[in-house]
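The structure under discussion appears below in the form of structure tokens.
Bear in mind that the values in this text are calculations on the coordinates, not laboratory data. Bear in mind the structure is a predicted one, so any value in this text is a computation, not a measurement. Here the Cβ positions follow ideal geometry from the backbone for every residue, glycine too, while neighbour counts run over all protein chains shown.
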Amino acid sequence: MHENKTFSIVRKIGEGAQAAVYLATDESGYASALKLMPSSYGDLESIQTEQDILRAAAERGEPFIARLVMSFRDDLFICFVMRMYAGSLEDLMYPQLRDRNSPVPRNIHAMAAELVCGLARLHKMGYAHLDIKLDNILLSSTGHIVYTDFGMAAPVNAQGCTSAATANGTPGYGAPEGYLSDLLGRDGRITQKADVWSLGILLVQVLNQTEYPMYTSLALRKVEEWGIVRDVDDDTARARTAEAVRFLVATTDPLEIPEIQQIATRDPALHDLLSKMLVRSPQERWTAEQLQGHHFFQDVNWCELERCA
């Protein structure tokens, strides 16, 4: 996927630990998103995995995975040229930052169906995402969802297990088995079901329109109550809050958190769906494919959903 093209950088639109994303235009003025990673970046295996996912998705025409246009490498950078999308779920959650032309998903039911369908399709491709969060879900110009940023993704074996024994995703979204090895079961490895947990956390956040995922919100309340962030510098406060998030994910039943309990009275079917996603034991947690059979989605025509995305 390499063509001789020249791109002009317009502005930075995102940045992670090892990569930055830029809005850029080619000679014809066509806009793309350029994900740039230093050529000296040590973890080439993760870059290769991300490229493998994006290439396979492009070849298969996967409707819910960001479209790779081309990729190349020079002395300074490894570059993925991606289709430009209208925004992300993070933009949607913070309307003061959202472009007035950014699309808004039709409703939580439609969004949840596309998120579950997209995750099931990614899992069938043989991968786990392992970093599902608001800014890793993009929106097309027509409001359909698209998964992006597979920098932490991992291939899985026939049982859906990765080679990882811990999870290094974003605190607040990570599954409890990433912090408690005794939840991992016989294989001792993180599975695709970690993605199901993260997606459940994301759905709760979107439905309640909260600034942080629910375990982070809970941790922020607790660290104030415990007094462990008083009279410390910002870096120490962030580190202690992150540790509190990990502790609470490992020890607190999600169904007892107020953000979940509120949903029970507002939408019992959605609450039941979440109760299948936010199960502490990954052995008992539903797969993405099982979720498609939940009664919350009883009116969804999955083939039609994929066709229209």
Notebook entry, point to check: For the Cα atoms of the chain, what angle does the longest principal axis make with the long axis of helix 268-277, in degrees from 0 to 90, nearest 10?
Noted result: 80 degrees
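Give, in nm to one decimal, the length gained when the segment between E15 and K222 is fully stretched (0.36 nm per residue of separation minus the Cα-Cα distance). Don't skip to the answer; put the middle values down first.
Numbers: separation 207, 0.36 × 207 = 74.52 nm, distance 2.93 nm.
Additional length available on full extension: 71.6 nm.
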Check: Given a Förster radius of 51 Å and the C-beta distance between T166 and T6 as r, what FRET efficiency does 1/(1 + (r/R0)^6) yield to the nearest 0.05?
Finding: 0.75
Checklist line | Full-extension gain in nm, K124 to R73, via 0.36 nm per residue minus C-alpha separation | finding: 15.5 nm
Notebook entry, point to check: All other residues with a Cβ under 10 Å from the Cβ of E289 taken together, and with Lys, Arg as +1 and Asp, Glu as -1, what is their net charge?
Noted result: +2
Next item on the list: Using a 10 angstrom cutoff on alpha carbons, build the Gaussian network for the chain and name the most mobile of D272, D26, D299.
Entry: D299
Check: If the label point is 7 Å along Cα→Cβ of E59, which residues in region 122-153 have backbone nitrogen under 17 Å from it?
Finding: 122-127
Item checked: Length gained when the stretch E304-S40 is fully extended (0.36 nm per residue, less Cα-Cα span) -> 90.7 nm
Next item on the list: Could you work out how far apart the two model spin labels at A31 and Q51 are, taking each label as a point 7 Å from the Cα in the direction of the beta carbon, and quote it in nm?
Entry: 2.8 nm
Next item on the list: Describe numerically, in nm with one decimal, the distance between label points set 7 Å from Cα along Cα→Cβ at Y212 and at A237.
Entry: 1.1 nm
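Please arrange D74, D135, D149, D195 by counting, for each residue, the other beta carbons lying within 10 Å of its beta carbon, fewest first. Don't skip to the end; give the middle numbers.
Details: D74 8, D135 17, D149 22, D195 29.
Least to most surrounded, the residues fall as D74, D135, D149, D195.
Using a cut-off of 12 Å between beta-carbons, work out the net charge of the residues near Q18 (Lys and Arg +1, Asp and Glu -1, Q18 not included). Write out the running numbers ahead of the final one.
Details: positive: K35; negative: E15, D43, E50, D149.
It works out to a net charge of -3.
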Note to self: Give me the dipole magnitude in Debye, nearest 20, for the chain about the Cα centre, with unit charges on the beta carbon: positive for Lys and Arg, negative for Asp and Glu.
What the structure shows: 400 debye
Next item on the list: State the Cα centre-to-centre distance between region 205-267 and region 270-309 in whole Å.
Entry: 25 Å
